[in-house]
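Here's the structure, in structure tokens; my notes come after.
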There are 2 protein chains.
Amino acid sequence: MIPAEVPSALSLDERDPLRSFKSRFVPAADDVAYLDGNSLGRLPVSTPPRLAEIVKQWGERLIRGWEEGWLELPLTLGNRLGASLLGAQAGEVALAESTTVCLYKLASAALDARPERSEIVTDRDNFPTDRYVLEGLAESRGLRIRWIETGAELGPRPADVAAVVGPETALVALSHVAYRSAFLLDMAGISTVAREAGALILWDLSHSVGVIPIALESDGADLAVGCTYKYLNSGPGAPAFLYVRAEHQRALRQPIWGWLGRRDPFSMAQGYEPAAGIGAMLSGTPPIIALTAVSAGLDLVVEAGIDAVRAKAMALGDFVIARHEEWLAPLGVKLGSPYAAAERGGHVALVHPDAAGLCRALAIRGVIVDFRPPDIIRVGLSPLSTSFADAERGLAELRDLLTN
Amino acid sequence: MIPAEVPSALSLDERDPLRSFKSRFVPAADDVAYLDGNSLGRLPVSTPPRLAEIVKQWGERLIRGWEEGWLELPLTLGNRLGASLLGAQAGEVALAESTTVCLYKLASAALDARPERSEIVTDRDNFPTDRYVLEGLAESRGLRIRWIETGAELGPRPADVAAVVGPETALVALSHVAYRSAFLLDMAGISTVAREAGALILWDLSHSVGVIPIALESDGADLAVGCTYKYLNSGPGAPAFLYVRAEHQRALRQPIWGWLGRRDPFSMAQGYEPAAGIGAMLSGTPPIIALTAVSAGLDLVVEAGIDAVRAKAMALGDFVIARHEEWLAPLGVKLGSPYAAAERGGHVALVHPDAAGLCRALAIRGVIVDFRPPDIIRVGLSPLSTSFADAERGLAELRDLLTN
């Protein structure tokens, strides 16, 4: 509940148990209120030396680095990510390519596993790359996409999914947190709906990983992918991750058969035989420098603890909503996110007809948010690097723009 | 021609116009003769500061970096690579993911473009990941692979390709330089054979880019992919590149429909429409830090000039072959590469039944080569960082091992 009297940003920052983490990130070149860590996370102070170290290892150890941990990095880092943030078992998570490519691999594998079914279920407001990947797969296989049209709702609930899944559904693919509204989907409830229909469920965790505790195993997820350059602060275009529940690993086969997804790759033998376990989802040579930045970014979230991160995300969101009600609602700005913190991811969407122009004007005033067409100002709240004062400054500037 | 009296490594190094480039690479931690730059190139001295700079830009400019050149980097870097080393036009080359994923995209697009044809042609000794990708595509589409079996030959010639292509051939996919023998394939001759059969030709340039001048346009290549972590010295698991001849770009459609391959991606609109040109081959968010290392690595080769690099590669290979004849042939080591420099890429294969054990023993003596099953010692000669003295030391140690 949001108290009638909104506490000051200053007092909230003083009481914030994670406040010291802000100094663990490199300051921007200018004095900005960075409210876009949900799009590109900040640079951890620990990342440049970690990168320097791995680059030094390349220079000094040369090809021998592959025998000194590089080759296993997609899986060792996957295990660490899976155990600390995803609620996954060892051997269920690997780092690879981009979210787009990971999604393509897993969705393709899922469709191959349900060859008699003709439909893919996703929602109309799913992240663009997710929709496009699914559309490409549907077109190439002659499948149909059943769109969940949530209309005025902020995102699909189990009943919305149940209304479109059926005996023809091969795959349900959804984002855990909606990229526009920040609506947090009910992973357990929707996974049950999909499973009961005999479909596989694939979660895109891009907007939840590192800001919300995730329980893939206990929530019944079959497959998942996600991004590391948002709340995991791993750098522009950082590698993504994929998860395949252990019980499916024998049956699912991904389409991009590469040497590093093969059993015993350095035998360079004739014929492809998938590696055992999650390694079969790999394809090409893993990007060692980029993975090292992921490792550094992950460490910070693990150190802070995901429960503390989530608590601060909720508090930041509640604070933004309180200031919205006090300052912005009277000026015609609507709330485009769930009011209840328990249903909300790590950002808050504010809706205004001139959102695009307001975002540009905010940038000139040193407030960095992002615009999502047609009318959303996304206020990103990355708990380790965003202070209550940053959020307040952003909303105060917006109020000022709308008043003057 | 190799002279009867082999000049000393010292005199060859003294006369080497590229000798100063060796100091442009970071020295290894130990005193090794690194003869494996064809597997993982060395670290350029210029790369760590370039990486530090781009990481600093991430920290200081944050999301704004995407509007300050990051977003275009796969294409601007592709243009630079294409113009300087590939003989490609502007707008024909992009950097993306790994060689494996790029190969998958282009091979898939090519097969879609020849839907009435049932066969893929490649050679039995093609690099493993190339074979596996093609096998996966063949299996999923019910196609047949027609293998070129070159037997005792070092690699396929146009006549070998002509013997297996036909009216059912959709795609011919070959490596420009064979990864084991270093045999340099006749790109123009083989491309003509493929084109005359109505097939598309896809070249894997991984073992030639940066060490051999490539003329994709004038040699009639349709498609190409390649790796940047060998002769382009871009780091372990660095991004790969892909080339699509301009005249094919409208007709070819790749399978991984992601937001960054879409027209106007930030409209985040419904429905996928491919971007114009080579950008349609992109999928996910480009890896900016990793691409920056590619840029630094490419600069060095461009500065040296590819013709000078090729001249030194030939001289190094001739030198290794001369020493082989003098020192190693009498000890039972066979030459597994073309004798003529004009038919040879940037490494020399030496064949011995105990190649695996010899490679391990060489490593203990500080000579780093690599082993390729079942019986090949690959002596990698990376012209910018390998001296004649390095090569001589490697062969002298091998002689010593075989003598004692």
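State which residue is most open to solvent (accessible area, probe 1.4 Å) when the search covers only the stretch A:218-228 and only residues that are under 18 Å from the mean Cα position of the chain (by Cα) and away from every other protein chain (no Cβ under 11 Å).
Of everything passing the filter in the stretch A:218-228, A:ASP219 is most open to solvent (accessible area, probe 1.4 Å).
Given the criteria of a type in the set (Gly, Ala, Ser) and open to solvent by less than 50 Å² (accessible area, probe 1.4 Å), does A:ALA349 qualify?
Answer is yes for this residue.
Select from the stretch B:8-54 the residues that are closer than 19 Å to B:GLY305 by Cα, within 11 Å of chain A (Cβ to nearest Cβ) and not in a helix (DSSP H, G or I) and list them in ascending order.
Hits for the stretch B:8-54 are B:PHE25, B:GLY37, B:ASN38, B:GLY41, B:ARG42, B:LEU43, B:PRO44, B:VAL45.
Of all residues in the stretch B:232-257, count the ones that are away from chain A (no Cβ under 14 Å) and under 30 Å from B:ALA342 (Cβ atoms).
6
Do you know which residues across the stretch B:243-275 are more than 23 Å from A:ASP130 (Cβ to Cβ) and of a type outside the set (Lys, Arg)?
B:TYR243, B:VAL244, B:ALA246, B:GLU247, B:HIS248, B:GLN249, B:ALA251, B:LEU252
Given the conditions (1) within 23 Å of the chain's Cα centre (by Cα); (2) within 12 Å of chain A (Cβ to nearest Cβ), and given that B:ILE321 satisfies all but one, which numbered condition is not satisfied?
All conditions pass for B:ILE321, except number (2).
So is A:LEU106 closer than 29 Å to B:PHE241 by Cβ and either at pLDDT 95 or above or surrounded by fewer than 24 Cβ atoms within 10 Å (Cβ to Cβ) (or both) or not?
yes
Among the candidates A:LEU316, A:LEU291, A:LEU328, which residue alone is under 26 Å from B:GLY237 (Cα atoms) and either of a type in the set (D, E, K, R) or modelled with pLDDT of 95 or more (or both)?
It is A:LEU291.
Testing A:THR150 on (1) part of a loop (DSSP other than H, G, I, E, B); (2) more than 21 Å from A:ALA221 (Cβ to Cβ); (3) among the hydroxyl-bearing types (Ser, Thr, Tyr), one condition comes back false. Which one is that?
Status for A:THR150: all satisfied but (2).
Return a yes/no flag: does the stretch A:59-78 have any residue that is away from chain B (no Cβ under 14 Å), within 21 Å of A:SER208 (Cβ to Cβ) and in a helix (DSSP H, G or I).
Yes, because at least one residue in the stretch A:59-78 is away from chain B (no Cβ under 14 Å), within 21 Å of A:SER208 (Cβ to Cβ) and in a helix (DSSP H, G or I).
Scan (1) at negative phi; (2) more than 10 Å from every other protein chain (Cβ to nearest Cβ); (3) out of contact with any Asp or Glu (no Cβ under 9 Å at 6 or more places or on another chain) for the single condition B:GLY261 breaks and write down its number.
Against the list (1) at negative phi; (2) more than 10 Å from every other protein chain (Cβ to nearest Cβ); (3) out of contact with any Asp or Glu (no Cβ under 9 Å at 6 or more places or on another chain), B:GLY261 comes up short only on (2).
Going residue by residue through the stretch B:294-308, is there one that turns out to be within 30 Å of A:ASP130 (Cα to Cα) and at the interface with another protein chain (Cβ under 10 Å from one of its Cβ atoms)?
No, because not a single residue in the stretch B:294-308 is within 30 Å of A:ASP130 (Cα to Cα) and at the interface with another protein chain (Cβ under 10 Å from one of its Cβ atoms).
If I filter the stretch A:356-376 down to residues being part of a helix (DSSP H, G or I) and in contact (Cβ under 8 Å) with a residue 40 or more places away in the chain, which single residue comes out as nearest to the chain's Cα centre (by Cα)?
It comes out as A:LEU358.
Which numbered condition in (1) more than 13 Å from every other protein chain (Cβ to nearest Cβ); (2) modelled with pLDDT of 95 or more is the only one that A:GLU5 fails?
Among (1) more than 13 Å from every other protein chain (Cβ to nearest Cβ); (2) modelled with pLDDT of 95 or more, the lone unmet condition for A:GLU5 is (2).
Just to be sure before I move on: is A:SER23 farther than 18 Å from A:ARG393 by Cα and in contact with a helix residue (DSSP H, G or I) (Cβ under 8 Å, 6 or more places away or on another chain) in the structure I sent?
When the stated conditions are applied, A:SER23 does not pass them.
Would you confirm whether any residue within the stretch B:330-337 is polar (S, T, N, Q), in a loop (DSSP other than H, G, I, E, B), open to solvent by less than 10 Å² (accessible area, probe 1.4 Å) and under 22 Å from B:VAL26 (Cβ atoms)?
no
Yes or no, residue by residue, for (1) in contact with a strand residue (DSSP E or B) (Cβ under 8 Å, 6 or more places away or on another chain); (2) more than 8 Å from chain B (Cβ to nearest Cβ):
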{"residue": "A:THR99", "(1), (2)": "yes, no"}
{"residue": "A:TYR104", "(1), (2)": "no, no"}
{"residue": "A:ILE120", "(1), (2)": "yes, yes"}
{"residue": "A:ARG124", "(1), (2)": "yes, no"}
{"residue": "A:LEU143", "(1), (2)": "yes, yes"}
{"residue": "A:GLY151", "(1), (2)": "no, yes"}
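Could you check how many residues of the stretch A:195-231 are in contact with a helix residue (DSSP H, G or I) (Cβ under 8 Å, 6 or more places away or on another chain), over 19 Å from A:VAL301 (Cβ atoms) and in contact (Cβ under 8 Å) with a residue 40 or more places away in the chain?
Total satisfying the criteria: 6.
From the list B:VAL320, B:VAL379, exactly one residue is open to solvent by less than 10 Å² (accessible area, probe 1.4 Å), under 24 Å from B:ARG24 (Cβ atoms) and in a strand (DSSP E or B). Which is it?
So the residue among B:VAL320, B:VAL379 that is open to solvent by less than 10 Å² (accessible area, probe 1.4 Å), under 24 Å from B:ARG24 (Cβ atoms) and in a strand (DSSP E or B) is B:VAL379.
For the stretch B:192-219, enumerate the residues that are more than 22 Å from B:VAL379 (Cβ to Cβ) and part of a strand (DSSP E or B).
B:LEU200, B:ILE201, B:LEU202, B:TRP203
In the stretch B:55-83, what residues are closer than 19 Å to B:ALA240 by Cβ and open to solvent by less than 40 Å² (accessible area, probe 1.4 Å)?
Passing the criteria: B:TRP70, B:LEU73, B:PRO74, B:LEU77, B:GLY78, B:LEU81, B:GLY82.
Quick check on my filter: what residues within the stretch B:229-285 are more than 28 Å from A:ALA109 (Cβ to Cβ), open to solvent by 20 Å² or more (accessible area, probe 1.4 Å), in a loop (DSSP other than H, G, I, E, B) and polar (S, T, N, Q)?
B:GLN249
The values are calculated or read from the model by the stated rules, or taken from the named source; none is laboratory data. Predicted model, so just to flag it, every value in this text is computed and none were measured. All Cβ positions, even for glycine, are placed from backbone atoms using ideal geometry, and neighbour counts span all protein chains on display. We work out accessible area using only protein heavy atoms, side chains counted, and drop any ligands, DNA or RNA first. Shrake-Rupley method; radii C 1.70, N 1.55, O 1.52, S 1.80 Å.
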